[in-house]
Amino acid sequence: MADLEGNVAAKDYGLDRPQVVEGTHVKGAGQLDFGMRHRLGRFFRSDGRTVMLAFDHGYFQGPTSGLERVDLSIVPLAPYADALMATRGIMRTVIPAGCDNALVLRASGGPSILKDLSDERIAMNMVDAVRIDAAAVAVQVFIGGEHETQSVHNMTQLVDAGLQYGIPVVGVTAVGREMVRDARYIGLATRMIAELGAQVVKTYYCEQDFAHVTAACPVPIIMAGGKKLPVDEALTMAYQAVDQGASGVDMGRNIFQRQHPEAMIKAVRAVVHDGATPADATQMYRDLSGGAQD
């Protein structure tokens, strides 16, 4: 046998080094199960932050501008994103199985832009998220909306299933036209989502007291990019969000609707992971895009 008495001296039991298992770099995840911590560790880099590229818009509004051909517009950007957020249909038909991004699956849906968007239901089984090897699933939560209770129930059902299979849930605050995007409303929505079990919250940035929102939320908050803004404004918003406690950004239209999307996602990464100032990141976009002014 290879493990004979004469070879004992070659073994190293590390008697001078006690076994240490590192916890997690993700806010609020220290007491979660191993599988969930492992998935969140793919979602968030070692600095505790993430750049998520969202292109799930087609689940309610069809072929959105910039997403007519996801294979042409999004797949080339995947190497620069930490996480990709899309529907299972797009994941299976377009995203190469060899991509190593954390995958976040849109798990709620139902109405189109022709109907009341708040009337959503759970749109997939958590077992399918396991099959796809998702790092998380995402669900809209319409706090203050007509179907608030239904959307909260959608989320809590997914949280229960996620705990069973070790898959985190991203609760997405859906702010309707009648809602004011201020710290009072966003603080209410994000805290409710976290208290009811979501492991991550995605929400909008507000200029006043956003640091209070992130401080009062016991799980990571990811800033939603929202509508397309001028480059400098989008990068400033990203910078201010992470500076005030956000654990990263989730941008879609502010990246894939640019004249040069690759330059923009690189600039966003510089802000989130490298601490680049808005001015430096904006100049980075100009340099990489050949002077684009969008």
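General observations
- Residues satisfying the stated conditions in region 250-294, i.e. among the charged types (D, E, K, R) and either more than 25 Å from Ala138 (Cβ to Cβ) or touching a strand residue (DSSP E or B) at 6+ places or on another chain (Cβ under 7 Å) (or both): Asp250, Arg269, Asp274, Asp280, Arg286, Asp287, Asp294
- Only one of Ala135, Ala189 that is free of Cβ contacts under 8 Å to residues at least 60 places away in the same chain and small (Gly, Ala, Ser): Ala189
- Region 80-102, residues that are open to solvent by less than 60 Å² (accessible area, probe 1.4 Å), under 26 Å from Gln150 (Cβ atoms) and touching a helix residue (DSSP H, G or I) at 6+ places or on another chain (Cβ under 9 Å): Ala86, Thr87, Gly89, Ile90, Met91
- Residues of region 63-72 satisfying the condition of being open to solvent by 30 Å² or more (accessible area, probe 1.4 Å) and closer than 17 Å to Gly89 by Cα: Pro63, Glu68, Arg69, Asp71, Leu72
- Inside region 168-211, residues that are of a type in the set (D, E, K, R) and assigned to a loop (DSSP other than H, G, I, E, B) make up a count of 6.
- Evaluation of Leu77 against (1) open to solvent by 40 Å² or more (accessible area, probe 1.4 Å); (2) in contact with a strand residue (DSSP E or B) (Cβ under 8 Å, 6 or more places away or on another chain); (3) more than 25 Å from Tyr165 (Cβ to Cβ); (4) of a type outside the set (Val, Ile, Thr) (one fails), failing number: (1)
- Some residue of region 254-272 being part of a loop (DSSP other than H, G, I, E, B), polar (S, T, N, Q) and over 26 Å from Leu72 (Cα atoms): no
- Within region 102-132, tally of residues that are touching a residue at least 40 places away in the same chain (Cβ under 8 Å) and over 24 Å from Val152 (Cβ atoms): 2
- Failed condition for Gly41, given (1) open to solvent by less than 20 Å² (accessible area, probe 1.4 Å); (2) among the small types (Gly, Ala, Ser); (3) under 17 Å from the mean Cα position of the chain (by Cα): (1)
- Out of Val169, Val137, Val175, sole residue that is crowded, with 17+ Cβ neighbours inside 10 Å, over 15 Å from the mean Cα position of the chain (by Cα) and β-branched (Val, Ile, Thr): Val175
- Thr50 meets the conditions (1) open to solvent by 90 Å² or more (accessible area, probe 1.4 Å); (2) within 22 Å of the chain's Cα centre (by Cα) in every case but one. The failed one is (1).
- Pick from region 215-257, criterion polar (S, T, N, Q) and open to solvent by 10 Å² or more (accessible area, probe 1.4 Å), ranking: nearest to Pro63 (Cα to Cα): Gln257
The values are calculated or read from the model by the stated rules, or taken from the named source; none is laboratory data. Keep in mind the model is a prediction, meaning the values are calculated, not measured. Please note: Cβ atoms are built from the backbone with ideal geometry, for glycine as well, and neighbour counts cover all protein chains shown. With ligands, DNA and RNA removed, areas are computed over all heavy atoms of the protein, side chains included. Shrake-Rupley method; radii C 1.70, N 1.55, O 1.52, S 1.80 Å.
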